[in-house]
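Read the figures in this text as sums done on the coordinates, not as results from a lab. Every value quoted in this text rests on a predicted model; they were computed, and no experiment measured them. Reconstructed Cβ throughout: ideal geometry from the backbone, glycine too, with neighbour counts over all protein chains shown.
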Amino acid sequence: MKKKSKTQLVYDYIEELVISGEIKPGERLPSEAKLCETLAVSRVSVRAGIEKLSAIGLVSKKKGGGTYVNKPSSENYLSVFTPTLLHNTDYLELLEIRRALDSLSVQLCAKNITEAGIRKLAQIVEDMEHLEEDSEFFSLDKKFHLLISKYSKNRFLHNIHLIVWDVIQKALRENYNKVTNTDRIAEHRKIFDAIVHKDQDLAKIYTLRHLEEIIDTFVCEYNHESQYEAIKSQRRK
């Protein structure tokens, strides 16, 4: 296991204080000297860790001294939570979360989507059906599901979807690319048609089938790779 850098140690420590609620939005972080003493690191490491937290919008330095925890807003949900998830997320667990989130989003979308939203969704499906490069599918897939979450008209739900897709794009693309279901475009078309007809139940059914197919395909691929690695490990002994 790779050892954490001292800067990352500072970053993780402060992040945990904030997430756990030990230090609340608007409150000041411990002094540099206190952090140095607690973590047994130098001031350089403390400052570098705080700079990283400042860069993602979790904390801010104020004139007159001191660093304070920022109040959360819809604009910094991604920047605050994504870094933690990037190195702590299992793809299968994320797919299971997607199955629950997507089925809720698509029901709300079928209920609330506008004509303008339907036209945007139709264009994405059409682009999928005329796709020339398979590598371009990820971008369209992301747009499709994020547009559905947007038209759920539930901002908190949409923000969670943004985080999920940000994590997939930045840390789990290799796992995403393992799932090469040949029916995926047809599955998106069925979901779209159900939304157009405002059929919430059918939209949910097709979405669940779509995610379950992805999960089943990934599990089969994952198990295959695990067995292969086990055989290689045995041969080395």
ARG119 to GLU51: FRET efficiency via 1/(1 + (r/R0)^6), r the Cβ-Cβ distance, R0 35 Å, to the nearest 0.05? 0.20
Across LYS143/LYS204; LYS34/LYS62; LYS150/LYS190; LYS62/LYS143, pairs whose alpha-carbon gap is larger than 29 Å: LYS62/LYS143
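Going by average Cβ neighbours within 10 Å, how do the peptides 167-178, 197-208 rank, with the highest at the top?
On the way: 167-178: 15.4, 197-208: 17.6.
Peptide ranking by packing, descending: 197-208, 167-178.
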Can you pull the one-decimal nm distance between simple spin-label points at LYS170 and ASN112, each 7 Å off the Cα toward Cβ? 2.6 nm
Segment LEU131-LYS198, extension gain: residue separation times 0.36 nm, minus the distance between their alpha carbons: 21.4 nm
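Count the net charge of all other residues whose Cβ sits under 13 Å from the Cβ of ARG99, scoring Lys and Arg as +1 and Asp and Glu as -1. If you can, show how the numbers build up before the last one.
Values: positive: ARG98, LYS204, ARG209; negative: GLU93, GLU96, ASP102, GLU212, GLU213, ASP216.
Every neighbour counted, the sum reads -3.
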Once you list every other residue whose beta carbon is under 10 Å from the beta carbon of LEU211, what net charge do they have if Lys and Arg are +1 and Asp and Glu are -1? -3
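Taking loop as defined by DSSP and a crowding limit of 15 other beta carbons within 10 Å, which trypsin sites (Lys or Arg not before Pro) in segment 1-63 fit?
Details: sites: LYS2, LYS3, LYS4, LYS6, ARG28, LYS34, ARG43, ARG47, LYS52, LYS61, LYS62, LYS63; in loops: LYS2, LYS3, LYS4, LYS62, LYS63.
Qualifying residues, ordered by number: LYS2, LYS3, LYS4, LYS62, LYS63.
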Taking a crude spin-label model, label points 7 Å out from Cα along the C-beta direction, the ILE97 to ARG209 distance in nm is 2.7 nm
Which GluC sites (Glu not before Pro) in segment 1-57 sit in a loop by DSSP (not H, G, I, E or B) and have at most 16 other Cβ atoms within 10 Å of their own Cβ? GLU22, GLU27
Say each of CYS220 and LYS63 gets a label point 7 Å from the Cα, pointing the same way as Cα to Cβ; how far apart are those two points in nm? 6.4 nm
Any idea how far the Cα center of segment 143-187 sits from the one of segment 1-73, in Å? 31 Å
